[in-house]
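The next block holds one structure in the form of structure tokens; read it before the comments.
A short reminder: the numbers here are calculations on the coordinates, not readings from a lab. Predicted model only: the values in this text are computed from it and were never measured. Cβ: placed from backbone, ideal geometry, glycine included. Neighbour counts: every protein chain shown.
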Amino acid sequence: MIVVSGLRKRFGSHTALDGMSFAVEPGQVTGFVGPNGAGKSTTMRVILGLDAPDAGTALVAGRPYRSLTRPLCHLGSLLDAGALQPGRTARNHLLWIAHSQGLPSRRVDEVLERAGLQTVARRAAGGFSLGMRQRLGIAAALLGDPPALMLDEPFNGMDPEGIVWMRQHLRGLAAEGRAVLVSSHLMSELEDTADHVVVVGRGRVIADTNIAALLKTAAAGRVTLRAGASSIDAAAGVLEAEGASVSRTDVGTLTVTGLPAEAVVTLLTTRGVPFAEISSHRATLEEAYLELTRDAVEFRAATGSEAAA
Ligand SMILES: Nc1ncnc2c1ncn2[C@@H]1O[C@H](COP(=O)(O)OP(=O)(O)OP(=O)(O)O)[C@@H](O)[C@H]1O
């Protein structure tokens, strides 16, 4: 388990971490999401002891990472897939790490197979695509068979097949009981992958929530109604008269809030207003993310100005 408490870190006058606190539980994939510059990589570097915080603590298995005797057996990490010696083969890259940590060579062949890299194991890693380097980084993170894993933007550079592989792989690692922390600046990348999400902005946590609960709240009370051009206005009028709020989201489509789907069906049927389809809205993770951060005015303003810059 990874526990981060009250981390603060300044680079000159810039505050990168402003009281970052969260825990990564075993048996689940925890998404670590926020816009560029939100402090995700800095947090991960602090967890690994690569950056020293000005305040706060980051503990792995109850201790600072640097004080662990065999750190790779407690936490496997992938921060920068490009950090390898280009002339070295994938297998030799892993052998070098394994031997430096007193791990047996057989682990190298096991993780190569797990990452789907057996056929390219004897090729120089310098010729690998970014997606293959990500796989090699994951193989390295697994060498010590650690109960916790931490991956910074592992979907970067992956083709669609690689993304599917990565999602299944992360889910498999969590199913084995490991605590898996995965950062991304795109909430949608974590669809069908994360069980839990820690949303960050400007160096602090905006939300720390279970994905299922988040999607349920985001979708709560929204109904999509499709009707023909001749009845759509009548449908809107009937529903508004009952206190619902109605907005036109597309031609022939209304989004209704304030009335459950069953009530919308009953009302339109009893008033004789024809409709083609009524469905409860299923929120996407991206929608839930936007809803979650809607009130964080400072965060949204920062995101906008950063985007403009
Ligand atoms: N070594 C450093 N020196 C100066 N500023 C830094 C340094 N490392 C990070 N920062 C700044 O700290 C802030 C947080 O950066 P960080 O890389 O942790 O964000 P991030 O959420 O990982 O973003 P990204 O998705 O772009 O990787 C940024 O404003 C960044 O410019």
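Per the Debye formula on identical point scatterers at the alpha carbon atoms of the chain, with no solvent, log10 I(q)/I(0) at q = 0.12, 0.14, 0.15, 0.16 Å⁻¹ is -0.85, -1.03, -1.13, -1.23.
Each peptide in 125-132, 195-202 receives the mean, over its residues, of other Cβ atoms within 10 Å, and ordering these scores from highest gives 195-202, 125-132. Distance between the modelled labels on T270 and E191, one decimal in nanometres: 3.7 nm (7 Å Cα→Cβ projection). Each residue of region 76-91 is assigned a 3J(HN,Hα), and the resulting list reads x, 9, 9, 9, 9, 5, x, 7, 8, 7, x, x, 7, 6, 4, 5 Hz, derived from the Karplus form 6.51 cos²θ - 1.76 cosθ + 1.60 (θ = phi - 60°), x at Gly and Pro.
Residues in region 206-212 carry Karplus couplings, in order, of 8, 8, 9, 8, 6, 5, 4 Hz; the curve used is 6.51 cos²θ - 1.76 cosθ + 1.60 with θ = phi - 60°, and Gly or Pro positions show x.
Here the extension length gained between M1 and S279 equals 96.0 nm, from 0.36 nm per residue of separation less the Cα-Cα distance. Here r is the Cβ-Cβ distance between A241 and A212 and R0 is 25 Å; the resulting FRET efficiency, rounded to 0.05, is 0.10. Enter the Cα centre distance for the pair region 1-39 and region 254-285, rounded to the nearest angstrom. First find each Cα centre; the distance between them is then 41 Å. Computing FRET efficiency as 1/(1 + (r/R0)^6) for Q168 and T249, where r is the C-beta to C-beta distance and R0 is 35 Å, gives about 0.55. Each 5 Å bin, from zero up to the one with the longest distance, holds this percent of the alpha carbon pairs of region 222-280: 4, 23, 39, 28, 6, 0. Rounded to the nearest 20 debye, the dipole size of the chain about its Cα centre is 1240 debye, using +1 on the Cβ of Lys and Arg and -1 on the Cβ of Asp and Glu. Considering only I47, A218, P35, the residue lying farthest towards the positive end of the dipole of the chain is I47, judged by Cα position with unit charges set on Cβ.
Residues T269, T253, arranged from fewest to most other Cβ atoms within 10 angstrom of their Cβ, appear as T269, T253. Taken along the Cα-to-beta-carbon direction at a fixed 7 Å, the label points for W96 and D109 span 2.2 nm. Remark on V29: its backbone amide H falls under 5 Å from those of D195, H196, a criterion applied only to residues 5 or more positions apart or on other chains, H modelled at 1.01 Å from N.
Only helices enter the 222 nm calculation for the chain: every DSSP H run of n ≥ 4 contributes -39,500 (n - 2.57), and dividing by all residues gives -10500 deg cm²/dmol, rounded to 500.
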